[in-house]
Amino acid sequence: MSETATLEINGQKHEFPLIKGTENEVAIDIKTLRGVTGGVTTIDPGYKNTGSCESAITFLNGEEGVLRYRGYAIEDLAEKASFLEVAYLLIFGELPTKVELDKFHADIKEESVVDDDIKKILDAFPKTAHPMGVLSSLTSALTAFNPTSVNVDSEEDMYRAIVKIMGKFPVLVAWTMRKQKGLPLDYGDDSIGYVENVLKMMFKKPNQEYVENSILINALDKLLILHADHEQNCSTSTVRIVGSSHAGLFASLSAGISALWGPLHGGANQAVLEMLEAIKEDGGDTKKFMAKAKDKQDPFRLMGFGHRVYKNFDPRAKIIKVAADEVLADLGVEDPVLDIAKGLAAEALSDEYFVKRKLYPNVDFYSGIIYRAMGIPVEMFTVMFALGRLPGWISQWKEMRTRKEPIGRPRQVYTGENYREFKTIDNR
Ligand code: CMC
């Protein structure tokens, strides 16, 4: 294959180098485009064809349904690793030894207290506030009680910032739910595992002894691993671009949480369950909703279907579908919406509209069913996604800052008015 790409504009040829990734992905390096062409730019709404960076964290092949973190298959990690091991892998690049993992966990535990004044901020929110809005605000508020910026040239500073947010974030996650439910705000238990502690902080009742449930722990561990990173998606790109202005880690993460909230991204898990409930309430006629999704005059989309990158199947959805069956059986929960979901998926997978557009169930299609079986309220689903995505966001932010990437600042093609003479208000 040639090492360059040639672009001809108005009879003039320009050569651009090709960049090849370790999995043989090819990109045209257009860093010099504007300079050599006298200001010609590219346009690509939604960045469907634009690589924003080179990254060594996550590999995704949408055609073949492959997802790997630092070279390890998602199937292996979901089956054999713990969420904390995966977090370490994403952030530091290698699977930890037992000693490294224990130290990482111990350092996180040291930092798993948030300033008590954060409770006052939480107190000011109404109970009806959406937990994602609350989580984003509290994450941003953390900057008021911690160093606002990280010296990215200091490994120690970077490490401190990472263990701080890994420790404090689960507390904020638990508090957003406890606030909604009117439960007292408490701290975690240092004697148990990371995921065990998340569940305990969420569900511990003030008047009852808390009993660990290994089914819930395993299910959450798996869900968090499956959500832990997904290369340059909307929220991750947001974290990288906010961080590229040298805004601090917590502020960048807070922006990522807001990006994740939308129903086309992480908010889909809540939207899926609401859609399945609506289908059930409506009598369970999946065909009617399929027709709505295909009607171009109707804004309705089949939530939990389709993906910007996966055009064959979403490997995370495959794992979650099996997990949903297992968890519901283990917990003895019968949820009619699981049957509706399976029926809908079967119909869509053989429907010409969906087949032609390569629309398959994505990670969010079945996850809400598991969350609900675990007793997690629907509005908390995207918060759980954020908890899983945290190590991914951190690793992407760290990569961007340590590689000294330039500030993210796209170009545009202006389509507004040409120069107009200003008229004073009396003359308009
Ligand atoms: N239901 C019905 N039609 C759809 C759907 C859907 N869920 N998704 C895409 N289409 C159609 C779309 O109308 C378009 O049709 P046409 O070519 O006739 O105009 C075609 O498929 C291509 O869609 P697109 O919107 O150009 O694709 P995209 O890559 O811009 O969007 C997506 C990807 C995930 C935003 C979209 O598929 C969608 O809105 N899905 C529902 C929301 C959802 O489940 N989001 C979670 C994504 S996975 C979790 C995560 O990582 O965030």
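The values are calculated or read from the model by the stated rules, or taken from the named source; none is laboratory data. Computed from a predicted structure; not experimentally measured. Positions of Cβ are generated from backbone atoms using ideal geometry, with glycine treated the same way; all protein chains shown enter the neighbour counts. Protein only, heavy atoms only, side chains kept; ligands, DNA and RNA dropped before computing areas. Shrake-Rupley method; radii C 1.70, N 1.55, O 1.52, S 1.80 Å.
In the context of the full set of protein chains, residues of the chain present 51 Å² of accessible surface per residue (probe radius 1.4 Å, heavy atoms only).
Would you please calculate the Kirkwood hydrodynamic radius of the stretch 107-239 over all C-alpha pairs and express it in Å, rounded to one decimal? Walk me through the numbers before you get to the answer.
Values: mean 1/r = 0.0617 Å⁻¹.
Radius from the Kirkwood sum: 16.2 Å.
For the stretch 168-279, the fraction of C-alpha pairs farther apart than 25 angstrom is 36 percent. Taking 0.36 nm per residue of separation and subtracting the Cα-Cα distance, full extension of the segment from CYS53 to GLU25 would add 8.8 nm. Computed packing ranks the peptides 239-250, 12-23, 141-152, 218-229 as 218-229, 239-250, 141-152, 12-23, most packed first, by mean other Cβ atoms within 10 Å. Each 5 Å bin from zero holds the following percent of Cα-Cα pairs in the stretch 70-137: 3, 13, 18, 13, 11, 13, 14, 10, 4. Over every Cα atom in the stretch 208-254, the radius of gyration and the widest Cα-Cα span, Dmax, amount to 16.3, 47 Å. When only Cα pairs under 8 Å and 6 or more residues apart are kept, what is the percent relative contact order across the chain? Relative CO of the chain lands at 20 percent. Under Stokes-Einstein, with the Kirkwood radius over Cα pairs as Rh, the value for the stretch 4-83 at 20 °C and 1.002 mPa s is 139 µm²/s. Normalised by 2.2 N^0.38 Å, where N is the number of residues, the C-alpha radius of gyration of the stretch 296-415 stands at 1.35. One chain, two ends: THR97 and THR32. Fully extended at 0.36 nm per residue, the span grows by 19.1 nm beyond their Cα-Cα distance. Relative to one another, the C-alpha centroids of the stretch 248-302 and the stretch 118-189 are positioned 26 Å apart.
For the chain, the mean projected area of the C-alpha convex hull, equal to one quarter of the hull surface, is 27.6 nm². For the stretch 366-428, the convex hull spanned by the alpha carbon atoms encloses 251 Å³ per residue.
Here r is the Cβ-Cβ distance between LYS120 and TYR210 and R0 is 30 Å; the resulting FRET efficiency, rounded to 0.05, is 0.70. Of all the accessible heavy-atom surface of the stretch 55-204, with the other protein chains kept in place and a 1.4 Å probe, what percent is carbon and sulfur? Looking at the stretch 55-204 in its full context, I get 48 percent from C and S. Across the stretch 3-155, Cα pairs under 8 Å and at least six residues apart give a relative contact order of 8 percent. Using a cutoff of 8 angstrom between alpha carbon atoms and counting only pairs six or more residues apart, the relative contact order for the stretch 207-346 works out to 23 percent.
Site pair TYR187 and ASN427 shows an inter-label distance of 6.8 nm when each label is modelled 7 Å from Cα along Cα→Cβ.
Measuring against 29 Å, Cα to Cα, the residue pairs LYS294/LYS318; LYS120/LYS205; LYS119/LYS321; LYS20/LYS321; LYS288/LYS358; LYS127/LYS398 contain LYS119/LYS321; LYS20/LYS321; LYS127/LYS398 as the ones spanning a longer distance.
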